[in-house]
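Following: one structure in structure tokens, then a few remarks.
The values are calculated or read from the model by the stated rules, or taken from the named source; none is laboratory data. All figures in this text were calculated on a predicted structure; none of them were measured in a lab. Quick reminder, even Gly has a Cβ in these numbers, built from the backbone with ideal geometry, and neighbours come from all protein chains shown. Side chains are part of the model used for accessible areas, which takes the heavy atoms of the whole protein and leaves out ligands, DNA and RNA. Shrake-Rupley method; radii C 1.70, N 1.55, O 1.52, S 1.80 Å.
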Amino acid sequence: MSGRTTHFGATSLPPEQRAALHRAKRLQYVGLAYLTSCVVVVYLVMGSSQAMKVAWIEDLLSLIPPIAFLLAAHRVRLPPSPAHPYGRHRAIGTAHLAAAVALLAMGLFLVYDSGSGLIAGDHPPIGTMQVLGHTVWSGWLMIAAMVYTGVGPVILGRLKQPLARTLHDKVLLADADMNKADWMTAGAAILGILGIGLGLWWADGVAAMVIATSIVKDGWTQVKGATDDLGDTEAKTVDDSAVHPLVDEVLAVTRRTSWVGKVAVRLRDMGHVFHAEVFVVPVEGVTAAQCDDLASEIAGLDWKLDDVVVAPVAELPDGVRTQQRGLEPGE
Amino acid sequence: MRPLTWALALVLLLTGCGIPRDPDGTLERVQSSGVLRAAASPAEGSVAVDGDDVTGPEVELVEGFAESLGAEVEWHVMGEEPAVDAMERGEVDLLVGGLTDQSPYAPKVGMTRPYAESVDHGEATKHVMAVPMGENAMQSALERYLDGAAR
């Protein structure tokens, strides 16, 4: 991709976001190259070990979020057009869903695999391999491979998280979560292989089960966040933990405007950027210029707020937020 | 070369500490009792049975392996499937009988790495032996012995 992306659709990116996006893209290319090498390394040492086969499938699954991120980042640059009047921001939502499903699938697969192995009482066989004329227990090679595949995600995940927050990029955050899942499963696999080496056949399954439970939980949260955004819920913070503070700020700014009587505000997360609709019952006649001024004041609150519509109405629509959070009666 | 030497030294040290171990202690039992219970299922070119006499290239390899462990082989002649069942019940420690890496018994018993290759009607066949599933010390010891014997 040539040069730096300067726009998400019609939204111009501030320098901080431009730099973050540039870094994120570069990280993803490096990450993809590294993950591909992991897929090859694990394939070479996995032998008939079930645990290693699982690790391999996980590595394959973890290719999905970076690819989804890069494809989405490419698409959202396109400006709005009559055919795509809201721009292409929703590409982020679809990529987020794809990444979230990959994470959830990885967790469920791991639960199923380790659970069925434990119930069946499988004693995993790990034999030897020949390396440079020496006969070496394959477990050592597997542990070496797991150390290699585990170190990268720790670093990549840590680098991606702050960028995801700066960009309000939920795909990138889901991807960072996937990286966390990656290094945790690598750690579990190492413990499991050492356990098998000590003659504890169940060690592998138990370690995998503990990790799998936390991955399923993460995956479920991400799937819920992604479907919520695609279902146009009120805009949330990048980790989907709370309603986004901008909702309150938009309400507050609008309320402070002299010609505004009653007000209702709805913000939805298009992917990176928000679409804001501000319904206002004016105290007296209002001009188009006054509406435009308010819209640009709101847009000035945050780079994410670009697509702002201020609509003077005679009556507020039902079911739209009219009070700042914490100020609503009975809430 | 130096890091590799260190890595090998570390591996040898840890291998000395007895990793891998068998969950069911097969290798230790063979060594302490001096008896290796081996199932032999007749197979052309690998295992021949004539009365009480068990011979063939695979039989010789097993005799040699037992000797390296300070044990004698106690042969149990039976068909392939009963042998796999006996192995699952823990009644035999090793199985030979012209098994290949394409054996359908792979999920039930622990197959060794192929120790030899032969060409049969233009198709390459990779020969393996079987030990009880997950008895990794036993499997590793056998594979190590077969590597040495192949040299």
Query raised in the report: Out of (1) free of Cβ contacts under 8 Å to residues at least 60 places away in the same chain; (2) more than 10 Å from every other protein chain (Cβ to nearest Cβ), what's the single condition that is false for B:Met129?
Result: (1)
Query raised in the report: Does region A:112-121 contain at least one residue that is in contact (Cβ under 8 Å) with a residue 12 or more places away in the chain, assigned to a helix (DSSP H, G or I) and facing chain B (nearest Cβ under 10 Å)?
Result: no
Query raised in the report: Do any strands (runs of 3 or more DSSP E) lying entirely in region B:33-74 carry at least 3 residues that are of a type in the set (A, V, I, L, M) and within 15 Å of the chain's Cα centre (by Cα), and which ones are they?
Result: B:35-40
Report summary line: Of (1) touching a helix residue (DSSP H, G or I) at 6+ places or on another chain (Cβ under 6 Å); (2) more than 11 Å from chain A (Cβ to nearest Cβ); (3) not small (Gly, Ala, Ser), B:Tyr145 satisfies every one except (2)
Report task. Out of the residues in region B:110-126 that are open to solvent by 10 Å² or more (accessible area, probe 1.4 Å) and among the small types (Gly, Ala, Ser), state the one that is farthest from the other protein chains (Cβ to nearest Cβ). Result -> B:Gly122
Query raised in the report: Just checking, how many residues over region B:86-109 are open to solvent by 60 Å² or more (accessible area, probe 1.4 Å) and more than 18 Å from B:Ser140 (Cα to Cα)?
Result: 5
Query raised in the report: Counting only residues that are under 14 Å from the mean Cα position of the chain (by Cα), outside any strand (DSSP E or B) and more than 14 Å from chain A (Cβ to nearest Cβ), how many does region B:85-99 have?
Result: 5
**Report entry** Whichever residue in region A:133-176 is of a type in the set (S, T, N, Q) and open to solvent by less than 20 Å² (accessible area, probe 1.4 Å) and, among such residues, is nearest to A:Met106 (Cα to Cα)
**Finding:** A:Thr149
Query raised in the report: Of the residues that make up region B:100-109, is at least one more than 10 Å from every other protein chain (Cβ to nearest Cβ), touching a residue at least 40 places away in the same chain (Cβ under 8 Å) and part of a strand (DSSP E or B)?
Result: no
Report summary line: Here the residues within region A:160-185 that are of a type in the set (Lys, Arg) and closer than 15 Å to A:Arg23 by Cα are A:Lys160, A:Arg165
Query raised in the report: Which residues, taken from region B:23-42, are open to solvent by 20 Å² or more (accessible area, probe 1.4 Å) and within 17 Å of B:Met78 (Cβ to Cβ)?
Result: B:Arg37, B:Pro42
